[in-house]
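K.L.:
Take a look at the following structure, please.
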Amino acid sequence: MAYVIEDTCINCGACEPECPVEAISEGDGKYVIDGEKCIDCGACANVCPVDAPVEA
Ligand code: SF4
Ligand code: SF4
């Protein structure tokens, strides 16, 4: 399991530094999560202003 960032992402970048395994990076129009690295901690979802990261 891993989190994914939905299209509602507004590209604010708040989640990237919160990820303990550096799974988040800026993608094309929104931020993206590397599902191979994500450990499902939920830290990104906790800081996101629009609740874009969700459990896949
Ligand atoms: Fe990183 Fe945790 Fe979000 Fe996965 S759930 S992308 S490990 S902050
Ligand atoms: Fe997108 Fe939310 Fe991350 Fe901001 S915190 S870049 S809106 S997923």
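K.L.:
Inspect all residues belonging to region 21-29 and state whether any of them is outside any loop (DSSP other than H, G, I, E, B), open to solvent by 60 Å² or more (accessible area, probe 1.4 Å) and in contact with a Phe, Trp or Tyr (Cβ under 9 Å, 6 or more places away or on another chain). Walk me through it before giving the result.
P.N.:
Filtering region 21-29 for residues outside any loop (DSSP other than H, G, I, E, B) gives 24-26.
In the following step, the residues that additionally are open to solvent by 60 Å² or more (accessible area, probe 1.4 Å) were identified as 26.
If we keep only those that are in contact with a Phe, Trp or Tyr (Cβ under 9 Å, 6 or more places away or on another chain) as well, we get none.
No: region 21-29 contains no residue that is outside any loop (DSSP other than H, G, I, E, B), open to solvent by 60 Å² or more (accessible area, probe 1.4 Å) and in contact with a Phe, Trp or Tyr (Cβ under 9 Å, 6 or more places away or on another chain).
K.L.:
Please find, within region 30-43, the residue that is farthest from Ala56 (Cα to Cα) out of those that are in a loop (DSSP other than H, G, I, E, B) and more than 6 Å from ligand 1 (Cβ to nearest atom). First the steps, then the outcome.
P.N.:
The first filter runs over region 30-43 and keeps only residues in a loop (DSSP other than H, G, I, E, B), leaving 30, 34-42.
Okay, now just the ones that are also more than 6 Å from ligand 1 (Cβ to nearest atom), so 30, 34-37.
Values: Lys30: 17, Asp34: 12, Gly35: 10, Glu36: 13, Lys37: 14 Å.
Checked region 30-43; the qualifying residue farthest from Ala56 (Cα to Cα) is Lys30.
K.L.:
Are any residues in region 33-50 more than 9 Å from ligand 2 (Cβ to nearest atom) and surrounded by fewer than 17 Cβ atoms within 10 Å (Cβ to Cβ), and if so, which ones?
P.N.:
From region 33-50, those more than 9 Å from ligand 2 (Cβ to nearest atom) are 34-43, 46; that's our starting set.
If the condition is that a residue be more than 9 Å from ligand 2 (Cβ to nearest atom) and surrounded by fewer than 17 Cβ atoms within 10 Å (Cβ to Cβ), then Asp34, Gly35, Glu36, Lys37, Ile39, Asp40, Cys41, Gly42, Asn46 are the ones that fit.
K.L.:
Could you list, in sequence order, the residues of region 3-20 that are part of a loop (DSSP other than H, G, I, E, B) and either of a type in the set (Ser, Thr, Tyr) or near ligand 1 (Cβ under 10 Å from one of its atoms) (or both)? Before the answer, list the steps.
P.N.:
Kept after step one, since they are part of a loop (DSSP other than H, G, I, E, B), are these residues of region 3-20: 6-15, 19-20.
Residues satisfying the conditions are Thr8, Cys15, Cys19, Pro20.
K.L.:
Something else: For region 1-13, how many residues meet the condition of being surrounded by 15 or more Cβ atoms within 10 Å (Cβ to Cβ) and either over 14 Å from Ala56 (Cα atoms) or near ligand 2 (Cβ under 8 Å from one of its atoms) (or both)?
P.N.:
2
The values are calculated or read from the model by the stated rules, or taken from the named source; none is laboratory data. Just so it is clear, the model here is predicted, and its values are computed rather than measured. As a convention, Cβ positions derive from the backbone with ideal geometry for all residues, glycine included, and neighbour counts pool all protein chains shown. Please note that ligands, DNA and RNA were not included when accessible areas were found on the heavy atoms of the full protein model with its side chains. Shrake-Rupley method; radii C 1.70, N 1.55, O 1.52, S 1.80 Å.
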